[in-house]
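Here is the structure we will look at, set down as structure tokens.
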Amino acid sequence: MQAAMQFPVYRGSMEYVCQVCGARYPGLELHYSCPDCRGVFLLENVDADRLRALPGWKWREIFDRRAASKNPALQGIFRFYELIAPILEPRDIVSIGEGQTPVVEANKRLQEEVGLPFAMKNEGQNPSASFKDRGMACAFSYLSALVRKRGFDEVLTVCASTGDTSASAAMYAAYVDGAIRSVVLLPQGKVTPEQLAQPLGSGAVVLELPGVFDDCMKVVEHLADHYRIALLNSKNSWRILGQESYAFELAQRFDWDMEGRAVFVPVGNAGNISAVLAGFLKLHSLGVITSLPRIFGVQSSHADPVFRYYRQEPQERVYSPVEVSPSVAQAAMIGNPVSFQRVRSLVERYEAAGGPGRFAVVQVSEQEIIDSMLLANRHGHIACTQGGECLAGLRRALAESRIERDEYPVLDATAHALKFQAFQEMYFTNAFPPEYEIAPRQELINRPEAVLSQEQRSAMDEEGFISAAAEAIVSRLGLSAEKL
């Protein structure tokens, strides 16, 4: 057991692999787009065959033992060190409590309403309140190693964001000592006040641009091509490696048995669903899991290029970006996902390993997304709009008979509900502009009720106030005088 708690002696060798032309580049530098064809990369450990010397059961034992480790470098996502970034030294690991988020089974009432048992993985319980921390922990660990080895005085990190990426990047940059500073580009007026407050509070330079996320992303890509910056969007392959830990944790939560499981993931820039696919493939290739779960991507009808691609017949598929409309699932409001090429490549490998039908994409409406978020949270979850999107996706998959009732779905609730209070308030006050195509359902609206007016309070002494307030509450709630 002691050996499993120590930092691994194993070191791999990482290479960038273009998901379009197959070109390879050394993993010791930062690359974002393939110089040969402009395709996106995935990082691959070319020494992974050495890991296969251990049987799957042994890896399960090692990872389970590390889950109890008090070694800071092995806590959080890095207990899966060999599968994530096995070139890092312990001193370069940056971890502030990310990962190990709970899988919470829906209560009986919600299960009955939806029509089958299911659970949500509450990623809002990461440090910055979103799943982005998984990728940032890996990306900043790599940057820390780069700064140390090359003696850089300053590294400027830049990301485009609708909220969660900027919050996470700014927080990790603030935590890391030394040369790393954070700049974030946000679409003006498209980020909730709660999400905007996070990078500002962490001290990042926050720059707003007119347009939507796609416009900010184009500017960041231009900067990365022409200036010395570290791009921190999901085009950064180190981030994808860290986000693979979602798949590792989910498999560990179910004692490494993914038979009959279905995982629902919202598709925004497509980095997270790429990571989930890649993570399960790694576990399967090592024999850590013996069956691959089904993966369902979910997209809003207001931003659905991946859904449109996969609804075509395989031999006729043509990918086309779409123009987005306003969406409550802000992180999913992306018409040209940077990681689509990764998805396409990984889905081919996934279905080759697990069989046809292991991957699908469902489309949902904005009404379904916001209603489902509120429904989930009324049953004790802390789901964001993207979590609502996944619940809407499950309900749509059931309605379309695309999932069996004996399968066990797990829904990715990517961020904390508190980040999206502005949309909840718009729902409760019926303040959505027409382009959102949302009409609040009365049974989901909840507003505070005044018990006494300030004028009534001013006219009473303390004893009178207590008595009047209590009587009003008794009347409103229909309380019984019989005590518990």
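The values are calculated or read from the model by the stated rules, or taken from the named source; none is laboratory data. Just so it is clear, the model here is predicted, and its values are computed rather than measured. No Cβ is skipped: glycine too gets one built from the backbone with ideal geometry, and neighbour counts run over all protein chains shown.
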Of the criteria (1) among the hydroxyl-bearing types (Ser, Thr, Tyr); (2) under 27 Å from the mean Cα position of the chain (by Cα); (3) assigned to a loop (DSSP other than H, G, I, E, B), which one residue 10 fails: (2)
Failed criterion for residue 278 (all others in (1) over 22 Å from residue 384 (Cβ atoms); (2) surrounded by fewer than 23 Cβ atoms within 10 Å (Cβ to Cβ) hold): (2)
Among residues of the stretch 367-424, those that are under 24 Å from residue 293 (Cβ atoms), surrounded by fewer than 24 Cβ atoms within 10 Å (Cβ to Cβ) and among the acidic types (Asp, Glu), counted: 5
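Going residue by residue through the stretch 141-153, is there one that turns out to be touching a Ser or Thr at 6+ places or on another chain (Cβ under 9 Å), at pLDDT 90 or above and within 20 Å of residue 77 (Cα to Cα)?
At the first step, the residues of the stretch 141-153 found to be touching a Ser or Thr at 6+ places or on another chain (Cβ under 9 Å) are 141, 143.
After this cut, where a residue has to be at pLDDT 90 or above as well, the list is 141, 143.
Right, trim to within 20 Å of residue 77 (Cα to Cα) and you get 141, 143.
Within the stretch 141-153 (the criterion being touching a Ser or Thr at 6+ places or on another chain (Cβ under 9 Å), at pLDDT 90 or above and within 20 Å of residue 77 (Cα to Cα)), the answer is yes, since at least one residue qualifies.
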Residue pairs meeting the criteria (Cβ under 8 Å; at least 6 apart or on separate chains; first over 15 Å from residue 39 (Cβ atoms), in the stretch 336-362; second of a type in the set (S, T, N, Q)): 353/285; 354/291; 361/299; 362/299
Hits in the stretch 425-444 (condition: surrounded by fewer than 15 Cβ atoms within 10 Å (Cβ to Cβ), in contact (Cβ under 8 Å) with a residue 40 or more places away in the chain and not in a loop (DSSP other than H, G, I, E, B)): 435
Some residue of the stretch 371-393 being in a loop (DSSP other than H, G, I, E, B), among the β-branched types (Val, Ile, Thr) and in contact with a His (Cβ under 7 Å, 6 or more places away or on another chain): yes
Members of the stretch 341-357 found to be crowded, with 19+ Cβ neighbours inside 10 Å and over 16 Å from the mean Cα position of the chain (by Cα), listed by number: 341, 342, 345, 346, 347, 350, 354
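Against the definition (small (Gly, Ala, Ser) and more than 18 Å from residue 356 (Cβ to Cβ)), how does residue 271 come out, yes or no? First the steps, then the outcome.
Values: small (Gly, Ala, Ser): yes; more than 18 Å from residue 356 (Cβ to Cβ): yes.
Against the criterion (small (Gly, Ala, Ser) and more than 18 Å from residue 356 (Cβ to Cβ)), residue 271 qualifies.
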The stretch 120-178, residues that are of a type in the set (Val, Ile, Thr) and either closer than 22 Å to residue 192 by Cα or touching a residue at least 60 places away in the same chain (Cβ under 8 Å) (or both): 155, 157, 158, 162, 165, 176
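Quickly run through the stretch 301-319 and pick out the residues that are under 15 Å from residue 332 (Cβ atoms), of a type outside the set (A, V, I, L, M), assigned to a loop (DSSP other than H, G, I, E, B) and free of Cβ contacts under 8 Å to residues at least 60 places away in the same chain. Before you say what the answer is, go through the steps one by one.
Keep residues of the stretch 301-319 that are under 15 Å from residue 332 (Cβ atoms), which gives 301-308.
Imposing the further condition that a residue be of a type outside the set (A, V, I, L, M) reduces the set to 301-302, 304-305, 307-308.
Within this subset, residues satisfying the condition of being assigned to a loop (DSSP other than H, G, I, E, B) are 301-302, 304.
Selection gives 304 alone.
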Residue match in the stretch 280-300 (condition: closer than 26 Å to residue 364 by Cα and either modelled with pLDDT under 95 or in a helix (DSSP H, G or I) (or both)): yes
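Residue-wise test of (1) among the acidic types (Asp, Glu); (2) farther than 30 Å from residue 118 by Cα; (3) surrounded by fewer than 23 Cβ atoms within 10 Å (Cβ to Cβ); (4) modelled with pLDDT under 95.
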{"position": "189", "(1), (2), (3), (4)": "no, yes, yes, yes"}
{"position": "196", "(1), (2), (3), (4)": "no, yes, yes, yes"}
{"position": "211", "(1), (2), (3), (4)": "no, yes, yes, yes"}
{"position": "230", "(1), (2), (3), (4)": "no, yes, no, yes"}
{"position": "255", "(1), (2), (3), (4)": "yes, no, yes, no"}
Meets criteria (hydrophobic (A, V, I, L, M, F, W, C), under 30 Å from residue 398 (Cβ atoms) and in contact (Cβ under 8 Å) with a residue 60 or more places away in the chain) for residue 94: no
Test for residue 447: is it part of a helix (DSSP H, G or I) and within 42 Å of the chain's Cα centre (by Cα): no
